[in-house]
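Values in this text are rule-based calculations from the coordinates and carry no lab data. The model shown is predicted, which means the values in this text are computed figures rather than measured ones.
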Amino acid sequence: MTSINRFSWSQIKDLRNVAHHADTESRQNEDYKRRVRQLEEELNGVRARLQIAEQEANAPSPLLLQLQEEMEKMKVSASKNSGS
């Protein structure tokens, strides 16, 4: 008697279902891992853009620097004119 004859058809069907379920879970697990990697890459990109934006926000505006320079020139000019 072969080993397959030891199992009933319902047992074979159950084993197939268990194997199919395990295969499906394995594929889902791989899909989840792939999605986690994608989300980690996306998060790293967002963090990098945020860091750049924070650095830009903390830097003084070029217009402000220009105005400060002009004000300083005006003060120097005014002090020279008032001293004459």
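Rg and Dmax of the chain, based on Cα coordinates, read 36.2, 122 Å. For the range 55-64, 3J(HN,Hα) computed residue by residue from phi via the Karplus equation (6.51, -1.76, 1.60; θ = phi - 60°) reads 5, 5, 5, 7, 7, x, 6, x, 5, 4 Hz, glycine and proline entered as x.
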